[in-house]
Each structure stands twice: as C-alpha cells, then as structure tokens.
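K.L.:
The structure that follows is given in the form of structure tokens.
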Amino acid sequence: MDFQSLDSSNWQPLLIGIICENSPSFAMPFNPTDEGYPNFRCIRVPCAGRTNPQYILRAFQKGADAVLITGCPPGECHYTSGNYFARRRFKLMTELLEFMGIESERLYVRWIKSTEGEKLRETVNDMAKKVKRLGPNKLFKEEL
Amino acid sequence: MNQQLTTEMRQIAKRLLSSHTVGTIIGWEKGSRWYLTPPAFITDENEIDRLYYDQFAVNNLAIYLLDFRHSDKKVAVFVKGCDSRGIIRLIQDHQLKKEQLMVIGIPCAGMFDKTKVIDPKHPHELPLLNKCLECRYPNPVYADEVLGEVSVLPESSRPTGISARVATAHLVGTRSDQRFERVEKLDLLPSEEKVTLWRAYAEKCLRCYACRNICPACNCEECIFDSHKKPWTTKAALPFANGFFAVTRAMHTAGRCTECGECERVCPVGIPLMSLNQRLIKTINNSFGSYDAGLDLELPPPLSQFQLAEKTEV
C-alpha cells in the first residue's frame, strides 16, 4: 500500500485503462508534464474482445477506483468482430456490477478512434472528476 | 398421481435395463425423511423398486450426465420441465450427444419448499417453491419418451399430463410474469446498501462450489477455480475472492442459465445466487432481444452472436 492511499485527505483515484493496442490512441494516453493529470495506468490488450471480465474484477481487487476499457469503434476492429462481442459482454458486466453496488461511473467502456488521442485524455480527465466525487471503491477490494 | 408415476417409472426402468438398452438410469428415490427425495442411480434390474417420484424430487438430474460423458453405454434420465432445459444446454455445449441419452419426460405438479418444514417427523402441508410459482416451462421441452401423458412442448405452456389438475390447483406458473420482482427490488437499493449487502454475502460464502457443481451451464472440463496456476484468482475463501467467484460464475453462465434455481437451493449459507443470474437475463432480454436458454438446439446463446445495430457505449 502506498502512502497516498493511507492519507485519506489526499486521496487520488486510481484509474486503470484496459486499452486495445490497435487503437493508436494508447500511444498518447497522457503527457507527464501535464499538471494534475489523474493517476491513470494502462494495460494493453490485443483487442477489446480479449478483455476477460475477470481483468476488471482483478483491477478492482487491486485497488482501482474506476476501470476504462477502450477499443476501436464498431466496424473498425482489427479482427473484424472482436468489439461486437465485447460490446455485449461489457453491457452485461456493467449492469451486473451496478446491481452489486459498483456505480456505473466506475466502469467505462468507450470506443475511441485511432486518430482521437485527445478524446482519450478527455475521457480520463472526466472519469477522474466523477470518481473523485464518488470516493474510493469498496466492493471486491483486497484487504490483508 | 405420484403413485401412478412411480409405477410407470419402474416399468420403463425394468424394460430398459432388461433389454440392455441403457447402462444406468438416473432418477429419484425416497430419502430418510418424508420431505427428502434425493437422486438415485440404478444399474441393476433388481434395484428398480428404489425409484420413486413425488413433489420433493426437486434435484435437477441433468448435471449427473456429465459423469457419463465417456461412457460407452446409453444413460436414461428422468426429466421435469426445468431439467429438460438443462439437457438441451449440455447437448448445445457439446458435452453430450443425443445418441448417448434416453431422456424420459415426466409431468411436474410443482415442487414443495422443504426449507419451510416445521415438523420433520410428521408430514404436513407445504407451500411450493418460488421457482415453481414462476415456472414457464412445466412440460419437458425435449424428451425421447414420456410418462404420465405429458406433452413435449418447447414453448411457454400450462402444465399437461396426469398431474395437470394438481399443478393448476397449486398455482404453478401463476407468477411467471413477476419473476424479476426480487431483482427489481434489489436494484432500487442505493449503492452503499448494495455494497454492504454483497460484502456480507461474500463473507458468508464458504467456496464449497456446490453452486458450480450442480449447474448444468457450468460444464467446463476444468474450472479456473480448480487450478492453482491462475495468478489472477485465489482458492482461499477470502471475502474479496468470494465476490470475484460469484461474479465470475454469473458471467460464465450468462446467456446460458436455464433458471432451474439449483444454485440457490444448494447454497449452504443462503446466498441469493439466482438474483445475479436473473439480473443478467433481464439485461439480455431488454438489450439483445428476449432469449430463454435451453429451448432450441440450433439457436446460439446471445453472447456468441451480435447484431450490428446496438447501443454502443455503456
């Protein structure tokens, strides 16, 4: 556990991005010189369809406050149809987690085009703002 | 009615075993208490008198067929409406072939809720299980042979066969349009209460895997929770890992759950597991079109297909 999370007054949300490596926006998720950019970490997957629902749960277990999944927009998948299957799966996953008490603002699924690096940055900033209001995530969190 | 069905069951069992058509017959027998009718496995002609059927034969026998996956002899199994959907489930998942099975459909008059037993020594009146009041498929949807004049109906129907009158008197299927009531009630809770509730359930969970072992949709040869090599999960029964297990189980059976309610029945600590499954079924019906698993052998489950025009972002 790092010191940041021990001090509740200075709590910063931890955002995990599960990002399709074929949408080139993964290459420019953040600018380290950007002041106040949220604590955002990327996990590259070959396709949004490769994202096992357990990856999301694992992120929440390990202390993530919100998870972002991005893939290519429908019709532009590198593997033709991966994101169509992913779309159905994440629809279910979001609603199930919402049923169990994880607010829908904590699980983002966004289709971001290869040319829209800025959109990813904006999404992450937007997520951080909303999650800050919600506070830390409690369900599924690993406690030792 | 139950007497007649039991006699018919024994007759067909005798015929099948004496002609060596099947190697094993899976049915029910009378248990040690008046409210217990556990599964029975009959391989010997002399044991057919063990077979018994009454309104406590709630066990879904479909899952036991997995033990006969590699058997060279046919297996006969008795099915009620909800069990027969489990059989379709297994055939559709390529766990079994139709030729390996002899499915015998029997009429169902609804099953009694044995958790409501007050006096374990003397039989008394009991209410029906909720799932039977909400039942939409009281008749077998698939069967090779039938007993008790029941019809094989692969669509939503009213009870048929010799127990139809009793079933109607017990109000089987009268609440079928309100089956999501419990889920909707839980859905209305604020997030903090939901978190407290599900964390409490996660703390109760023993990770006995009874829910997994009884489920006809949970039929992987090797379950990820049996493996010690998966670094992203743990076999320890810790609250966070139990929540992980519950969500994983629900997601793995999403779109394939036949709503037999066995997971919730076998849970020793009373976690409402069916509410997770029903929540997913509700989403599937609302978002991807109405779908009931285990009815049609040809129709692929909703998560194995897609439509181009659907809402894209969540």
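The values are calculated or read from the model by the stated rules, or taken from the named source; none is laboratory data. Just so it is clear, the structure is predicted and the values come from calculations on it, not from any experiment. Here the Cβ positions follow ideal geometry from the backbone for every residue, glycine too, while neighbour counts run over all protein chains shown.
K.L.:
Counting only residues that are assigned to a loop (DSSP other than H, G, I, E, B) and out of contact with any helix residue (DSSP H, G or I) (no Cβ under 7 Å at 6 or more places or on another chain), how many does region B:72-96 have?
P.N.:
5
K.L.:
Kindly check whether there is at least one residue in region A:117-127 that is within 9 Å of chain B (Cβ to nearest Cβ) and surrounded by fewer than 23 Cβ atoms within 10 Å (Cβ to Cβ).
P.N.:
no
K.L.:
Say whether the condition of being under 30 Å from B:L297 (Cβ atoms), touching a Leu at 6+ places or on another chain (Cβ under 9 Å) and surrounded by 24 or more Cβ atoms within 10 Å (Cβ to Cβ) is met by at least one residue in region B:88-102.
P.N.:
So far as region B:88-102 goes, no, none of its residues is under 30 Å from B:L297 (Cβ atoms), touching a Leu at 6+ places or on another chain (Cβ under 9 Å) and surrounded by 24 or more Cβ atoms within 10 Å (Cβ to Cβ).
K.L.:
Looking at region B:183-196, can you tell me whether even one residue there is among the charged types (D, E, K, R), outside the structural domain of B:I88 (by TED's automatic domain parsing) and within 23 Å of the chain's Cα centre (by Cα)?
P.N.:
Yes: one or more hits.
K.L.:
If you go through region B:175-195 one residue at a time, how many are exposed (fewer than 14 other Cβ atoms within 10 Å of the Cβ), part of a helix (DSSP H, G or I) and facing chain A (nearest Cβ under 10 Å)?
P.N.:
Qualifying residue count for the region: 2.
K.L.:
Taking the condition in contact with a helix residue (DSSP H, G or I) (Cβ under 8 Å, 6 or more places away or on another chain), within 19 Å of B:V58 (Cα to Cα) and either assigned to a loop (DSSP other than H, G, I, E, B) or within 14 Å of chain A (Cβ to nearest Cβ) (or both), does B:V141 pass?
P.N.:
So B:V141 fits the description; yes.
K.L.:
Out of curiosity, is B:A167 within 18 Å of B:L276 (Cα to Cα) and surrounded by 12 or more Cβ atoms within 10 Å (Cβ to Cβ)?
P.N.:
Considered against the rule, which asks whether it is within 18 Å of B:L276 (Cα to Cα) and surrounded by 12 or more Cβ atoms within 10 Å (Cβ to Cβ), B:A167 comes out as no.
K.L.:
Now a separate question. Do you know which residues across region B:236-259 are more than 13 Å from the chain's Cα centre (by Cα) and more than 10 Å from every other protein chain (Cβ to nearest Cβ)?
P.N.:
If the condition is that a residue be more than 13 Å from the chain's Cα centre (by Cα) and more than 10 Å from every other protein chain (Cβ to nearest Cβ), then B:A236, B:A237, B:R249 are the ones that fit.
K.L.:
Specify the residue that is farthest from B:V75 (Cα to Cα); the eligible residues are those in region B:134-166 that are touching a Ser or Thr at 6+ places or on another chain (Cβ under 6 Å) and not acidic (D, E).
P.N.:
B:R136
K.L.:
Continuing with the same structure: Between residues in region B:158-170 that are of a type outside the set (A, V, I, L, M, F, W, C) and residues that are surrounded by fewer than 17 Cβ atoms within 10 Å (Cβ to Cβ) and in a helix (DSSP H, G or I), which pairs lie under 6 Å by C-beta distance while being six or more apart or on different chains?
P.N.:
none
K.L.:
Of everything in region A:62-96, what is farther than 17 Å from A:N52 by Cα, in contact with a Leu (Cβ under 7 Å, 6 or more places away or on another chain) and among the charged types (D, E, K, R)? Give them in sequence order.
P.N.:
Listed by number, the list holds a single entry, A:D65.
K.L.:
Looking at region B:224-314, what helices (runs of 4 or more DSSP H) fall wholly within it and have at least 1 residues that are buried (at least 19 other Cβ atoms within 10 Å of the Cβ) and touching a Gly at 6+ places or on another chain (Cβ under 6 Å)?
P.N.:
B:273-287
K.L.:
B:G110 - would you say it is more than 16 Å from B:E145 (Cβ to Cβ) and part of a loop (DSSP other than H, G, I, E, B)?
P.N.:
Here the answer is yes, as B:G110 does meet what is asked.
K.L.:
Of A:A64, A:A59, which residue is without any contact (Cβ under 8 Å) to a residue 60 or more places away in the chain and either closer than 19 Å to B:I284 by Cα or touching a strand residue (DSSP E or B) at 6+ places or on another chain (Cβ under 9 Å) (or both)?
P.N.:
Result: A:A59 is the single residue among A:A64, A:A59 that is without any contact (Cβ under 8 Å) to a residue 60 or more places away in the chain and either closer than 19 Å to B:I284 by Cα or touching a strand residue (DSSP E or B) at 6+ places or on another chain (Cβ under 9 Å) (or both).
K.L.:
State whether the residues of region A:56-74 include one that is within 12 Å of chain B (Cβ to nearest Cβ), surrounded by fewer than 20 Cβ atoms within 10 Å (Cβ to Cβ) and among the β-branched types (V, I, T).
P.N.:
The answer is no, given that none of the residues of region A:56-74 is within 12 Å of chain B (Cβ to nearest Cβ), surrounded by fewer than 20 Cβ atoms within 10 Å (Cβ to Cβ) and among the β-branched types (V, I, T).
K.L.:
Does region B:198-206 include one or more residues that are of a type outside the set (D, E, K, R) and more than 12 Å from chain A (Cβ to nearest Cβ)?
P.N.:
Checked against the condition, which is being of a type outside the set (D, E, K, R) and more than 12 Å from chain A (Cβ to nearest Cβ), region B:198-206 yields at least one hit.
K.L.:
I'm trying to understand the selection: among the residues of region A:82-114, which are more than 7 Å from chain B (Cβ to nearest Cβ) and either free of Cβ contacts under 8 Å to residues at least 24 places away in the same chain or part of a helix (DSSP H, G or I) (or both)?
P.N.:
Within region A:82-114, A:G82, A:N83, A:A86, A:L97, A:E98, A:S104, A:E105, A:R106 qualify.
K.L.:
Kindly indicate which of B:T234, B:T196 is over 25 Å from A:N52 (Cα atoms) and polar (S, T, N, Q).
P.N.:
Within the list B:T234, B:T196, the selection yields B:T196.
K.L.:
B:I48: farther than 16 Å from B:G261 by Cα, crowded, with 16+ Cβ neighbours inside 10 Å, assigned by TED's automatic domain parsing to the domain that holds B:R158 and at pLDDT below 95, yes or no?
P.N.:
Against the criterion (farther than 16 Å from B:G261 by Cα, crowded, with 16+ Cβ neighbours inside 10 Å, assigned by TED's automatic domain parsing to the domain that holds B:R158 and at pLDDT below 95), B:I48 qualifies.
K.L.:
Right, something else. Would you be able to tell me the number of residues in region B:260-314 that are under 16 Å from the mean Cα position of the chain (by Cα) and either within 26 Å of B:R199 (Cβ to Cβ) or at the interface with chain A (Cβ under 9 Å from one of its Cβ atoms) (or both)?
P.N.:
Of the residues in that region, 15 qualify.
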